[in-house]
Structures are given as structure tokens and as C-alpha cells.
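Undergrad: Shown below is the structure under consideration.
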Amino acid sequence: MAGIAALRAGAGLVTIACPESAVSSIAAHCPEIMIEPLPETPSGEISRSALDKIAELAEKRTLVAIGPGIGTNRETRDVVARLFAQAAQRWWWTLMRSTVWRNRRGANHRRCGF
């Protein structure tokens with residue numbers, strides 16, 4: 001659903017990274033979307049061993065979205081949490097490098113707590 005929504009919104013080139021067992025059904029439903037198979041848990045959800053491949057794919061993309069069908073398996077939740085942590089760290093350093101901080105009395109304290 002997230003991949004189709006991205007296409008409809010005009011994203012251009014869209015790649016769905018999904019468990020290996022879902023590749024054929026997604027490809028049949030949406031042939032215009034590129035698909036990257038990921039290692040999966042016995043229940044068919046994304047496993048921890050997919051984290052490196054997801055990170056590698058994300059480095060080559062301008063946007064990463066996590067769709068509503070991600071699942072609730074413990075390994076999958078761990079992958080999502082780690083991805084968010086990596087993205088937040090990257091976002092914070094990008095923000096700090098590209099932001100001009102004005103030192104008006106109390107402004108930084110109100111905004112950031114320092």
C-alpha cells in the first residue's frame with residue numbers, strides 16, 4: 001500500500017523492500033515497482049538479518065517509508081527501532097551542520113533545553 005501511494009503521489013522510482021515470501025504477490029499486483037527481497041522470520045516477517053540490507057538500500061534513496069503491513073514480530077519491531085535510531089542520529093547531525101543557531105538570550109534553552 002505504501003509503495004502504491006508513493007507512486008500515486010509522484011515519487012517516481014519506487015522500491016519496496018519486503019520479506020522474500022511476499023515478492024511474487026507484490027510483483028504481480030504492481031509490476032511498475034522495483035522489489036528487493038529481505039530475509040524473513042519463520043512467520044514471514046522481516047528478520048533482524050535484514051537490517052544491513054535495508055541500511056544499504058536506504059543509503060541510495062532519498063526517502064524511506066515504513067508501510068502499514070510491516071508486522072508485529074519481535075525481530076521486525078527491533079529492525080524498525082534500529083532504523084529509526086539510525087535515521088534520528090543522521091537527521092540530528094544533518095540539522096546541526098546546516099542550521100545557523102542564533103544566541104538570543106533564552107531562545108536555545110526554550111527550543112532545545114540547553
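Undergrad: Can you give me the long-range amide H partners of residue 16? Hydrogens built in the peptide plane at 1.01 Å from N, cutoff under 5 Å, separation of 5 or more residues or another chain.
TA: Here 34, 35, 36 satisfy the definition.
Undergrad: Under 5 Å between amide hydrogens, which residues at least 5 positions from residue 46 or on another chain qualify, with H placed 1.01 Å from N in the peptide plane?
TA: 41
Undergrad: Starting at the first residue of the range 32-37, write each ³J(HN,Hα) from the Karplus equation 6.51 cos²θ - 1.76 cosθ + 1.60 with θ = phi - 60°, in whole Hz, x for Gly and Pro.
TA: 7, 9, 6, 10, 10, x
Undergrad: I'd like the trypsin sites (Lys or Arg not before Pro) in the range 1-91 restricted to DSSP loop residues with at most 15 other Cβ atoms within 10 Å, sorted by number.
TA: Of the trypsin sites (Lys or Arg not before Pro), the ones in loops of the range 1-91 whose Cβ has at most 15 other Cβ atoms within 10 Å are 60, 61.
Undergrad: For the range 2-99, what are Rg and Dmax over the alpha carbons, in angstrom?
TA: For the range 2-99, the Cα-based Rg and Dmax read 14.2, 45 Å.
Undergrad: The range 20-53: which GluC sites (Glu not before Pro) are DSSP loop and have at most 12 other beta-carbon atoms within 10 angstrom?
TA: 32
Undergrad: Which ordering of 34, 1 is given by a fewest-first count of other beta-carbon atoms within 10 Å? Each step should come with its number before you reach the end.
TA: Working: 34 13, 1 8.
Going from least to most buried by this count: 1, 34.
Undergrad: Could you give each residue of the range 55-66 its phi-based ³J(HN,Hα) in whole Hz, using Karplus coefficients 6.51, -1.76, 1.60 with θ = phi - 60°, and x for Gly or Pro?
TA: 4, 5, 5, 5, 4, 9, 10, 8, 8, 10, 10, 10
None of the figures in this text is laboratory data; all of them are computed from the coordinates on show. Bear in mind that the values here come from a model prediction, so they are computed numbers and not experimental data. A quick note on method: Cβ atoms are made from the backbone with ideal geometry, for glycine too, and the neighbour counts reach across all protein chains shown.
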